[in-house]
Structure formats: C-alpha cells, structure tokens
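S.K.: Sharing a structure with you now.
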Amino acid sequence: MNSAPISAPVTHNFLPEQYARTNQLHPNHNYLRAQFSDYPEIFRKLERLVIEGDFTLGRAVDEFEERIRGITGSKYCVGVGSGTDALFLSLKAAGVGPGDEVITTPYTFFATVGSIVTAGARPVFADIREDFNIDPERIEAAITPRTKAIMPVHWSGLPCEMDAIMDLAGRHGLFVVEDACHALKAEYRGRPAGSFGLTGCFSLHPLKNLNVWGDGGFLVTDSEEMHRQLVLLRNHGLLNRNECAVFAYNSRLDSLQAIVANHLLDKIDHITERRIANSLRLDELLADLPEVRLPVRPEAVRQVHHLYCLRVDRRDDLQRFLVESGIDAKIHYPIPMHLQPAAREFGYRAGDFPAAEQAAAEELSLPVHEFVADHELEQMAGLVRKFYRA
Ligand SMILES: *Cc1c(COP(=O)(O)O)cnc(C)c1O
C-alpha cells in the first residue's frame, strides 16, 4: 500500500490563507502586482468588452487563437476554460475512456493525472530522468495492449525528448497529448513545444508564464478532425444556436481573459528572455557548490523556466533557512503522483518510481520571473552559499 498520510478533510477555501502566508516573502514566486501594474490600460480594453458585451467566445478569443497559431506554428488553436480542460478535452476528443491506459510522469502537477482519471482512463506512470522529465525508455516498458496515449510533461519549461517519444508513439500506434502548461515558447530542436503531439495543452493560470486574471487555457493541434471535435466539446456540442451534435461540456476561454492574455502576449518574448537570463545567472552564481545540482541543460532545446528547479542536499533545512531569510523558496512538489492519497486505487507503492521519489526529496525552486532583479539573484545565491558554509 502507498503510505501517503491523509490530511484532515477540506472544509473551506484555503487559498486566501495560503497567499497571506507567503506573499510577504521577497523575491516571491507571485509577481502579479508588478506584472499588472499597467492595469488601467487593460481596464480601458475591458471597457470596450462591457460596452460590446461579447463575453463568451467573443472576438478577443478569435484574436488570441490566431496569435497563438502564429507562435506555435499549429494549424488550429482552441481556447478553453483551463489547462486541465485542455488536457481532459484532448483525451475525450481522441476517444479515451474507461479501459484505456495513458502513460505519463509521476513527477508533475496534479492536473496531468487528474485529466486522465476524469476522462475515465487509468494513469500508468513511467519514471523520470535527472532533468525531471519522463524517460522515453521507461515509457516503452510501460506500454500494454490497453495503452492509448502518452502524456509527456515539459517540466519547468524544459522540452521532453520528443524525437524518441514521437518515434515510439508511431511504432506502437499511440497518440501523444503534450502537457505544455510550463512550456509556452519552449523549443525542441527548433520546433515549439506543444506542436509535436496530436494536441499541445497550455494553461493561462495566474502563475504560468503567460497568465490571466483567473483561469484559462488553450490547446493547439494540426488535426482538422481534433479541431472539429474540440470546438464542439468546449461549447455544449453546438453546431449552431439550435442544434447539438453531441452532449458535451462548457469550457470556453472567457473574452475577458482573452483580452488580458492578448495584452500580455505583447510582452511574452521579454518575459521568456528574462526568465532564461535569470536562470543562467543563478547557474553561474551557484556553479561551484557541491551540495547543489543545477538544472540539466541539454543541447538543442530552449528551456523557458516556468520554474527554476535545483536539486539540493538537506533540502528541507535549506528551504526553511531561505524562507526565514525572507525568500519564497518553494518545493514543486514534495509528493509524487503515485504516492498521493488519490492514487491509492491504482495500487502503486513507495519505491515504484525511485527517480521521481528522489526528485521530490531534493527539488527546490527559486523565483526567476521577469521582476527578479540581478541583486536579488545575488542575494538568493548568497544565502544558499551561507547555508552550506554554516
Ligand atoms: C498548471 C498546470 C496544469 C493545469 O493548468 P490549469 O490552467 O491550472 O488547469 C497542468 N499541468 C501542469 C504541469 C501544470 O503546471
């Protein structure tokens, strides 16, 4: 049996307290006040929305989808309610359901696995490599006659080994749904993350690299058939006002959120470049510490650093020290998916995915978003050095 402790039941919305606890830390992983400091400009755009009133699937959504097609080079983009819905609806549109297996990584955010389980399929895990991403060789070993799809996650904005993954998907007749929620503008051998699979799925959650004022997401695809299915599934299966082709869901990208996303899209190159530059600077500042393993930097990829993930000795003590020193050092995440209380029904145990378990015990994230200044990078690195010398 897996040994995950079960906490007390949730009886209230715990997010306001969680934010209140960490928001005084600086630098913080939450930088939204700075990012939207030009909100009066956005308000003016929203004023037009209120006057025109096209709140659901309005023109701003079309414009956003068009701009994303330009970024990923995909034929189609479909704005949806969240990154989770992008994953879930991709599986549904591709016909995944009960009795099917989807192979993914045990080292991810809950939504990856949630989308598989809520689609009715069984999540089958394949362990990760040093770079935190799923190991293509282990995917191959996990394939069974029930396997329908592979869902790789480009963790922290580092693209997975897509040549190997697409090759084995092709050989075994599987399709690939990319969880690219960390990976907008990331590239693998010059090609955008999210553009390899049957679909590539992205999140616009407030703490993702391109973010909005609430929830939002989108997916890209080159498949005309998937596009046709997905525009139905996100909007009640409607062919037009009076005819429904299939009873379905309501998962639309709000026009309001599309307006915010379009506003930020003007800055996405700056956002991405600052994250990369800040990450490389931290690499430099921490390079000589034997207690710290820097992010793996494979050739021929563009790693966009939604997160900056170190592996460190005495992780929990270092995190405590940094937080006590005012730094928002975080763990993404301390419990891998197969050891979650939710995973009990799938019968995994501690020891099943040792690389993911080791990552969960060693990982530490430092903020590298576009508002972290050079002196703050030096301050964070200085504190890490101080901790290990003490
Ligand atoms: C954030 C995230 C999601 C889900 O995105 P939401 O928009 O919050 O639903 C899925 N997968 C990964 C890896 C994520 O980090």
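The values are calculated or read from the model by the stated rules, or taken from the named source; none is laboratory data. This one's a predicted model, so the numbers in the text were calculated from it and none came from an experiment. Virtual Cβ from ideal backbone geometry, glycine too; neighbours counted across all protein chains shown.
S.K.: Restricting to the range 73-93, what's the tally of residues that are crowded, with 23+ Cβ neighbours inside 10 Å and either away from the ligand (no atom under 16 Å from the Cβ) or over 21 Å from Asp215 (Cα atoms) (or both)?
M.R.: Result for the range 73-93: 1.
S.K.: Taking only the range 206-239 into account, find how many residues are surrounded by 20 or more Cβ atoms within 10 Å (Cβ to Cβ), under 30 Å from Tyr19 (Cα atoms) and out of contact with any His (no Cβ under 9 Å at 6 or more places or on another chain).
M.R.: Selection size over the range 206-239: 3.
S.K.: Can you name every residue in the range 119-139 that is within 12 Å of the ligand (Cβ to nearest atom) and either of a type in the set (S, T, N, Q) or under 18 Å from Ser251 (Cβ atoms) (or both)?
M.R.: Across the range 119-139, the qualifying residue is only Asn133.
S.K.: Restricting to the range 140-178, give me the number of residues that are within 16 Å of the ligand (Cβ to nearest atom) and either assigned to a loop (DSSP other than H, G, I, E, B) or under 11 Å from Val102 (Cβ atoms) (or both).
M.R.: The qualifying residues number 10.
S.K.: For the range 183-201, indicate whether the set of residues that are under 17 Å from Glu65 (Cβ atoms) and either basic (Lys, Arg) or without any contact (Cβ under 8 Å) to a residue 24 or more places away in the chain (or both) is non-empty.
M.R.: Taking every residue of the range 183-201 in turn, at least one turns out to be under 17 Å from Glu65 (Cβ atoms) and either basic (Lys, Arg) or without any contact (Cβ under 8 Å) to a residue 24 or more places away in the chain (or both).
S.K.: For the range 130-149, give me each residue that is in contact with a Pro (Cβ under 9 Å, 6 or more places away or on another chain) and on the phi < 0 side of the Ramachandran plot.
M.R.: Scanning the range 130-149 gives Asp131, Asn133, Ile134, Pro136, Ile139.
S.K.: Restricting attention to the range 187-212, report how many residues are more than 10 Å from the ligand (Cβ to nearest atom) and out of contact with any strand residue (DSSP E or B) (no Cβ under 9 Å at 6 or more places or on another chain). So that I can check it myself, show each step before the final result.
M.R.: Here is the first cut: in the range 187-212, the ones more than 10 Å from the ligand (Cβ to nearest atom) are 187-200, 209-210.
In the following step, the residues that additionally are out of contact with any strand residue (DSSP E or B) (no Cβ under 9 Å at 6 or more places or on another chain) were identified as 191, 209.
So the count comes out to 2.
S.K.: Here's another thing I want to ask about it. Name the single residue that is surrounded by the most Cβ atoms within 10 Å (Cβ to Cβ) among those in the range 273-303 being of a type in the set (Gly, Ala, Ser) and without any contact (Cβ under 8 Å) to a residue 40 or more places away in the chain.
M.R.: Looking at the filtered set, the residue picked out is Ala277.
S.K.: Something else now. Do we find that Phe202 is among the aromatic types (Phe, Trp, Tyr) and buried (at least 20 other Cβ atoms within 10 Å of the Cβ) in this structure? Can you show your working first?
M.R.: Values: among the aromatic types (Phe, Trp, Tyr): yes; buried (at least 20 other Cβ atoms within 10 Å of the Cβ): yes.
Taking the combined requirement at face value, the residue satisfies it.
S.K.: Read through the list (1) touching a residue at least 60 places away in the same chain (Cβ under 8 Å); (2) on the phi > 0 side of the Ramachandran plot, then give the number of the only condition that Gly53 fails.
M.R.: Against the list (1) touching a residue at least 60 places away in the same chain (Cβ under 8 Å); (2) on the phi > 0 side of the Ramachandran plot, Gly53 comes up short only on (1).
S.K.: Suppose the filter is modelled with pLDDT under 90, more than 27 Å from Gly326 (Cα to Cα) and surrounded by 10 or more Cβ atoms within 10 Å (Cβ to Cβ); does Ala8 pass it?
M.R.: So Ala8 fails the test.
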